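Here the structure is laid out as structure tokens; the discussion comes afterwards.
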There are 2 protein chains.
Amino acid sequence: MQRTNFGEMACSIARTLDVIGEPWSPLILRDVNVGLTRFEQLQADLGISRKVLTERLNHLVAHGVLERRPYDRRPRFEYVLTEKGTELVDLLMVMVGWGDKWLAGEAGPPVLYRHHACGQISHVELRCAHCGQPMHASDVDPLAGPGAAT
Amino acid sequence: MQRTNFGEMACSIARTLDVIGEPWSPLILRDVNVGLTRFEQLQADLGISRKVLTERLNHLVAHGVLERRPYDRRPRFEYVLTEKGTELVDLLMVMVGWGDKWLAGEAGPPVLYRHHACGQISHVELRCAHCGQPMHASDVDPLAGPGAAT
DNA sequence: CAGCTTGAGTTCCTTGAGGGAACCTCCGGT
DNA sequence: ACCGGAGGTTCCCTCAAGGAACTCAAGCTG
């Protein structure tokens, strides 16, 4: 499958997909985020092929999303989120919000989140970083930016 | 490639990936969102194989993200976002935010967004739907929900 | 009416990524 | 010296992505 190169496109969505666009990567980040940081843990939890897991981890490390570091004198490694990777978890939280709302069905969401600041079970909402008002697709106008394609 | 079935997992991230987890789908939604709604337009803009585009569109329609509807007496169709699909665009906006910050490089972001409410060039930020304070991965505790795996 | 055009797919072939299982290697413990 | 476990690597097989050619229906053109 000669996959199209998304990283070259003049689009931040395509570029982001070049980093985590293949379906295992978000699940790897989810697991790393909750403390499943080792190869064997990830493989067992996800049921992913060891070969593919190796590829994904290398890819995520190469893109600066994860950091591979030893945790023993033996050759043992764990994968931890970098700052760049931690900010990607925002994306996961939005996926959770959408999946909980539209795909959970009668059983309800599999996981709930309690917000530290208010102590309530809640979910994320998109706001404008400038004025704090809600900011969805219909609330913005796109303009050509400095990095626009020629 | 006998792909793993993400839809069956008790995880809203995996379920969401089952719907838009393959890398073309977010780009299709992006295009549909900005008015490229017809088969030929999508194919030309994305450079995607016609076969794969057909598969993706059918998949997105089957999952209620897009609606296929005729726009002529001839057999001509356009794809429009449903409410479910429109809410998925939030995910794209978060991807844009991350890509702009971490992947745009020296050229800067390819597209800027002006927020209607304040008129400023801005980007999205995650807030708690309950109290309005910032809500990121480190600000929440996960709890087992009603739909948790047995 | 015959023929052309256009949008929207469908078919077919080739390539290569994902799955799965077996294998390898390094190192500390006994 | 042997065992065992973490962290991969190698191998083969299958099936999805790419790409180009083909089809089909409806309107338009002369």
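Here is how the numbers come out for the structure above:
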item: Placed amide H near A:E78: partners under 5 Å, 5+ positions off or other chain; result: A:R69, A:Y71
item: Shielding by other protein chains, B:41-51, mean Cβ within 10 Å; result: 1
item: Where labels lie 7 Å past Cα in the beta-carbon direction, separation of A:R50 and B:N58 in nm; result: 3.7
item: Distances in nm from B:C131 to the matching label points in the other copies, shortest first (labels 7 Å along Cα to Cβ); result: 2.6
item: Chain A - mean residue ellipticity at 222 nm from DSSP helices (-39,500 (n - 2.57) per run, n ≥ 4, rounded to 500); result: -12500 deg cm²/dmol
item: Nearest-first distances (nm) between copies at A:V61, label 7 Å from Cα via Cβ; result: 4.5
item: Cleavage-rule hits (trypsin sites (Lys or Arg not before Pro)) in segment B:1-42: DSSP loop, at most 12 neighbouring Cβ within 10 angstrom; result: B:R3
item: Rounded, prolate or oblate (a/c below 1.5 giving rounded, otherwise prolate when a/b exceeds b/c) for the protein assembly as shown by Cα gyration tensor; result: rounded
item: Copy-to-copy label separations for A:F77, where each label sits 7 Å from Cα toward Cβ, in nm and ascending; result: 4.6
item: Table column - 3J(HN,Hα) (Hz), segment B:105-119, Karplus curve with 6.51, -1.76, 1.60, x for Gly and Pro; result: x, 5, 5, x, x, x, 9, 10, 10, 9, 7, 4, 4, 10, x
item: Partners for B:K101 among lysines (Cα-Cα distance below 21 Å; same-chain residues under 8 apart left out); result: A:K84
item: Residue-averaged beta-carbon neighbours from other chains (10 angstrom radius) around A:82-93; result: 5
item: Sequence-distant residues sharing a close amide H with A:H116 (under 5 Å, placed H); result: B:V140, B:D141
item: Rounded, prolate or oblate (a/c below 1.5 giving rounded, otherwise prolate when a/b exceeds b/c) for chain A by Cα gyration tensor; result: oblate
item: Partner chain coverage, peptide A:25-33 - average Cβ within 10 angstrom; result: 3
item: Per-residue Cβ neighbour rank within 10 angstrom, fewest leading, A:M9, A:M93; result: A:M9, A:M93
item: Rh (Kirkwood; distinct C-alpha pairs) - segment B:49-106, Å; result: 13.4
item: Sequence-distant residues sharing a close amide H with B:L66 (under 5 Å, placed H); result: B:V61, B:T82
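Coordinate-derived values only; no laboratory data. Since we're looking at a predicted model, the values are computed, not measured. Reconstructed Cβ throughout: ideal geometry from the backbone, glycine too, with neighbour counts over all protein chains shown.
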